[in-house]
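Below is one structure; the comments refer to it alone.
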Amino acid sequence: MNMSNSFDIYTEFFGLTERPFSLVPDPDFLYWSAAHKRAFNMLEYGLFTHAPITLVTGDVGAGKTTLLQYLLRQISEDITVGLISNAQGGRGDLLRWVMMALSQEVPPGSDYVDLFNQFQMFLIEEYSQARRVVLIFDEAQNLDRETLEELRMYTNINTNKDELLQLVLVGQPELRDIVNQPGLEQFCQRVAANVHLSAMSVETVTSYIKHRMRTAGATREVFTDEAIQLIARSARGIPRLVNQLADFSLVYASSEDQETVSADMVRNVLRDGLFLSNVLFLEKTES
């Protein structure tokens, strides 16, 4: 099959204003599945109840980052947010990551005591301005036990009865196993809100695909029910994988001048090996 220029023209071919299944997290395309509603409600609950630590977990591609970006759009102006992704390093390095996320300059040569004092003074100053500070750690499954324990110590910074800092940890399912390790009991006791983003059912994937197509400007049904069911099973209900397979299917259909994406078109994508996450699924279904 000749796929030259098919990527450039499929939006026009299907009457779309933009790609509906981009892999880049986009809050404008967020589909509110039951799991995503629960996760967002738990995030809001954690923020509004001043929960010391909120935990959000889910498989790779489950939509955690998109949910976070939507939350950041909704956060009120009296909350100062620091977003940290893939923080690495030792004790002092963590504080440098935090200060950088909060747009705070660190004087050259500062040791850990200096950094901690600067961080504490920042929290107190924000509190005096009636502002709360929330640190969000994305990909938090990469944090080791010592780092998590240090984060817990940060939440002990308070004035009178008010805590000055809240933490939101977002990561893959193994994050729950990490925080349940022996020695982290005090950390777990500070987790006041937690939720897990599960994979989507076939019915949810059906609504998800139709939602994203409508958001991108579709005025008719492009995917057949059989195609959607195959996409849902092949992608195991994971939004990022659904996006990848649906996007490839649109490219294939447009390159063959097919106005509808059928199950056979999805099978062609799978057989050509573009959707690498699905090789084992295809082998099982054809054996």
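The values are calculated or read from the model by the stated rules, or taken from the named source; none is laboratory data. Every value quoted in this text rests on a predicted model; they were computed, and no experiment measured them. No Cβ is skipped: glycine too gets one built from the backbone with ideal geometry, and neighbour counts run over all protein chains shown. Heavy atoms of the whole protein, side chains included, go into the accessibility calculation; ligands, DNA and RNA do not. Shrake-Rupley method; radii C 1.70, N 1.55, O 1.52, S 1.80 Å.
Summary table below
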item	result
Candidate set from the range 233-287 (those that are modelled with pLDDT under 90 and small (Gly, Ala, Ser)); member that is farthest from ASP59 (Cα to Cα)	SER287
Answer residue from the range 159-179, given it is touching a strand residue (DSSP E or B) at 6+ places or on another chain (Cβ under 9 Å) and polar (S, T, N, Q) and is farthest from ASP144 (Cα to Cα) among those	GLN166
For GLN258: the one exception among (1) free of Cβ contacts under 8 Å to residues at least 40 places away in the same chain; (2) part of a helix (DSSP H, G or I); (3) closer than 19 Å to TYR10 by Cβ; (4) touching a helix residue (DSSP H, G or I) at 6+ places or on another chain (Cβ under 7 Å)	(2)
Within the range 172-200, considering residues that are farther than 21 Å from ALA87 by Cβ and part of a helix (DSSP H, G or I), the one farthest from the chain's Cα centre (by Cα)	GLU185
Residue ID - most open to solvent (accessible area, probe 1.4 Å), chosen from residues in the range 131-171 that are under 24 Å from ILE75 (Cβ atoms) and assigned to a loop (DSSP other than H, G, I, E, B)	LYS161
Residue list for the range 1-29, filter: open to solvent by less than 20 Å² (accessible area, probe 1.4 Å) and either of a type in the set (Asp, Glu) or at pLDDT below 85 (or both)	SER6, PRO27
Condition check for ILE124: more than 27 Å from the chain's Cα centre (by Cα) and modelled with pLDDT of 90 or more	yes
Checking THR80 against (1) farther than 23 Å from ALA218 by Cα; (2) modelled with pLDDT under 85; (3) not in a helix (DSSP H, G or I), the condition it does not meet	(2)
Subset tally (residues that are among the small types (Gly, Ala, Ser) and either out of contact with any strand residue (DSSP E or B) (no Cβ under 8 Å at 6 or more places or on another chain) or open to solvent by 80 Å² or more (accessible area, probe 1.4 Å) (or both)) for the range 78-127	6
Qualifying residue in the range 43-58 (condition: under 15 Å from the mean Cα position of the chain (by Cα), of a type in the set (Val, Ile, Thr) and open to solvent by 70 Å² or more (accessible area, probe 1.4 Å))	no
